[in-house]
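Everything on this sheet refers to the single structure shown next.
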Amino acid sequence: MPARFRLPPTAHNPISLVGIAMATAMAWLFLALLIADLFGYVPNNPYIGLLLFVAIPAAFVIGLLLIPFGAWRVRRRAPDTAHEWPVLDLRDPRQRSLTVTVLALTFVNVLIVSIAAFGSVHYMETTEFCGTTCHTTMEPQYVAHGRSAHAQVACVRCHVGPGAGALIESKINGTRQLVHVLTNNVPKPVPPPSELISTARETCEGCHWPERFAGDRTRVIREFGNDEKNTETDTTLQLHVGGGSRRRGIGTGIHWHMNLDNEIEFVRDDARPEVIPYVRLRDRAGNVREYFGEGATPAQIAAGRRQRMDCMDCHNRPAHTFAPGAARAIDDAMAQGLIPRELPFARREAIAAVRAEYPDRETAMNGIATHLRDFYRTRAGTDAALLNRAIAGAQDAWGGNVFPAMKVTWGTYPSNIGHVDSPGCFRCHDDSHKTKDGARTISQDCELCHTIQ
């Protein structure tokens with residue numbers, strides 16, 4: 001008869017037996033769920049991924065650790081008992097059986113831990129993990145990302161740089177954020193990071209070629225009036241995007257700031273990021289000019305953060321863009337046809353509905369619908385289909401920009417593109433940044449960047 005496998009005497013204790021049972025159960029559960037996931041039987045839910053690749057493997061490893069821990073306790077409680085190291089004799093059938101069993105279990109354990117480790121790293125790099133695991137905390141950023149031009153770009157492509165160092169740093173930051181969530185110390189609203197782990201050269205330039213000369217681009221800004229006909233006003237801008245390198249076109253236009261032929265450094269105040277007291281320019285010929293903001297002091301400049309300008313200093317909300325205000329959000333919805341302009345006073349009433357304060361999403365959805373229905377109930381002949389479209393469009397505009405639980409409302413996260421709704425370009429281009437002798441200023445001439453047609 002083949003030799004039967006028996007546990008060593010030191011493993012016959014409650015702790016080791018619990019560890020064996022836990023590790024065995026978690027191994028089978030992990031393998032069963034993994035197979036079900038591979039064949040598409042597991043629903044697409046962030047908590048399923050958290051369970052499969054984090055919780056179950058963690059319980060499996062804890063079970064494995066309990067086995068030697070229990071044996072160690074037994075040996076410690078019987079110090080007078082002689083515990084000799086086992087002698088491996090493969091001629092003994094029982095020892096051969098034990099050796100094969102241990103090697104097989106070790107292989108299975110290493111395989112399970114390896115698959116779980118790979119799966120957990122892959123799962124934690126998904127946008128769903130970043131945006132939905134903590135629900136309320138990251139909901140504004142997750143929703144805005146899904147509505148942006150970068151919706152198909154995973155969070156880690158921008159927020160985690162290349163190399164092991166960046167990965168470790170991101171996990172340390174993630175651990176700190178997890179502690180904030182568990183202790184209910186998450187700042188509301190979550191402030192934009194003072195500096196990203198990755199630079200624009202490591203992220204943006206992976207897709208966007210900085211040498212490309214874009215030339216002029218035409219942009220039409222559509223706005224609507226508060227009158228009965230929702231009168232449309234179109235502003236056409238010819239944007240002088242240009243390029244930053246003279247090798248591929250004239251080094252002028254907005255993208256002159258890209259630091260290809262020039263090098264721009266500036267000092268900013270972290271407490272007031274819209275304040276830039278100092279700018280330094282070194283042009284392609286090596287000439288250096290320094291510009292000082294109005295009222296800037298040496299102490300203020302010395303205390304600020306000095307950095308080299310890159311894409312993110314203007315494109316600061318590339319994947320998490322929020323409307324600067326209710327009016328702009330409703331104008332955009334009407335321009336896209338989400339709110340019908342055929343409905344009288346649609347713009348005025350939609351703005352009033354979304355500007356009201358609501359404690360939560362459900363109350364907001366009901367309040368917006370009630371406001372619009374109450375107004376149009378008094379107007380005979382209102383088209384019900386147009387009214388329903390207006391309600392849905394206004395609710396969508398509110399839902400993509402306002403998150404009461406995180407204290408995010410209209411204008412919480414301003415964009416530095418332009419200068420209408422936030423200082424943006426005028427942080428430097430204000431005619432007040434001057435050289436020490438006052439001979440040169442950073443111009444506020446509109447036609448440097450765009451021409452209104």
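The values are calculated or read from the model by the stated rules, or taken from the named source; none is laboratory data. This is a predicted model, so every value here is computed, not measured. No Cβ is skipped: glycine too gets one built from the backbone with ideal geometry, and neighbour counts run over all protein chains shown. Surface accessibility is based on the protein's heavy atoms, side chains included, excluding ligands, DNA and RNA. Shrake-Rupley method; radii C 1.70, N 1.55, O 1.52, S 1.80 Å.
Across region 255-301, what is the number of residues that are in contact (Cβ under 8 Å) with a residue 24 or more places away in the chain, open to solvent by less than 50 Å² (accessible area, probe 1.4 Å) and assigned to a loop (DSSP other than H, G, I, E, B)?
Residues flagged as in contact (Cβ under 8 Å) with a residue 24 or more places away in the chain, open to solvent by less than 50 Å² (accessible area, probe 1.4 Å) and assigned to a loop (DSSP other than H, G, I, E, B) within region 255-301 amount to 5.
Would you pick out the residues in region 422-453 that are among the aliphatic types (A, V, I, L, M) and either more than 35 Å from the chain's Cα centre (by Cα) or open to solvent by 40 Å² or more (accessible area, probe 1.4 Å) (or both)?
The answer is Ala439, Leu448, Ile452.
Please go through region 377-401 and pick out each residue that is over 29 Å from Met138 (Cα atoms) and either at pLDDT 95 or above or aliphatic (A, V, I, L, M) (or both).
Hits for region 377-401 are Ala380, Ala384, Ala385, Leu386, Leu387, Asn388.
May I ask you to list the residues in region 150-176 that are open to solvent by 50 Å² or more (accessible area, probe 1.4 Å) and in contact (Cβ under 8 Å) with a residue 12 or more places away in the chain?
His150, Arg157, Cys158, His159, Pro162, Glu169
Sort out which residues of region 129-161 are polar (S, T, N, Q) and within 8 Å of the chain's Cα centre (by Cα), and write them in order of number.
Listed by number, the list holds a single entry, Gln141.
Considering only residues that are without any contact (Cβ under 8 Å) to a residue 12 or more places away in the chain and not in a helix (DSSP H, G or I), which ones fall in region 368-395?
Thr378, Ala380, Gly381
Is it the case that His419 is open to solvent by 20 Å² or more (accessible area, probe 1.4 Å) and assigned to a loop (DSSP other than H, G, I, E, B)?
Answer is yes for this residue.
Filter region 136-192 down to the residues that are under 18 Å from Thr203 (Cβ atoms) and assigned to a loop (DSSP other than H, G, I, E, B) and list them by number.
Ser148, Ala149, His150, Ala151, Gln152, Val153, Ala154, Val160, Gly161, Pro162, Gly163, Pro192 - these are the residues of region 136-192 that are under 18 Å from Thr203 (Cβ atoms) and assigned to a loop (DSSP other than H, G, I, E, B).
Test Arg201 against the criterion of being on the phi < 0 side of the Ramachandran plot, part of a loop (DSSP other than H, G, I, E, B) and basic (Lys, Arg), and give yes or no.
Yes; evaluated as a whole, the condition is true for this residue.
Just one of the numbered conditions (1) in contact with a Cys (Cβ under 7 Å, 6 or more places away or on another chain); (2) more than 30 Å from Asp261 (Cα to Cα); (3) not charged (D, E, K, R) is not true of Val279; which one?
Only one criterion in (1) in contact with a Cys (Cβ under 7 Å, 6 or more places away or on another chain); (2) more than 30 Å from Asp261 (Cα to Cα); (3) not charged (D, E, K, R) is unmet by Val279, namely (2).
Which pairs do you get when a residue that is within 18 Å of Arg347 (Cα to Cα), found in region 226-241, comes within reach of a residue that is at pLDDT 95 or above and of a type in the set (Gly, Ala, Ser), reach meaning Cβ atoms under 9 angstrom, with the pair 6+ apart or on two chains?
These pairs meet every condition: Asn230/Ala346; Thr231/Gly225; Glu232/Gly225; Glu232/Ala335; Thr233/Gly225.
Any residue at all in region 403-412 that is among the hydrophobic types (A, V, I, L, M, F, W, C), part of a loop (DSSP other than H, G, I, E, B) and open to solvent by 30 Å² or more (accessible area, probe 1.4 Å)?
Within region 403-412, one or more residues are among the hydrophobic types (A, V, I, L, M, F, W, C), part of a loop (DSSP other than H, G, I, E, B) and open to solvent by 30 Å² or more (accessible area, probe 1.4 Å).
Answer yes or no: is there a residue in region 102-121 that is more than 23 Å from Phe53 (Cα to Cα) and either free of Cβ contacts under 8 Å to residues at least 60 places away in the same chain or in contact with a helix residue (DSSP H, G or I) (Cβ under 7 Å, 6 or more places away or on another chain) (or both).
yes
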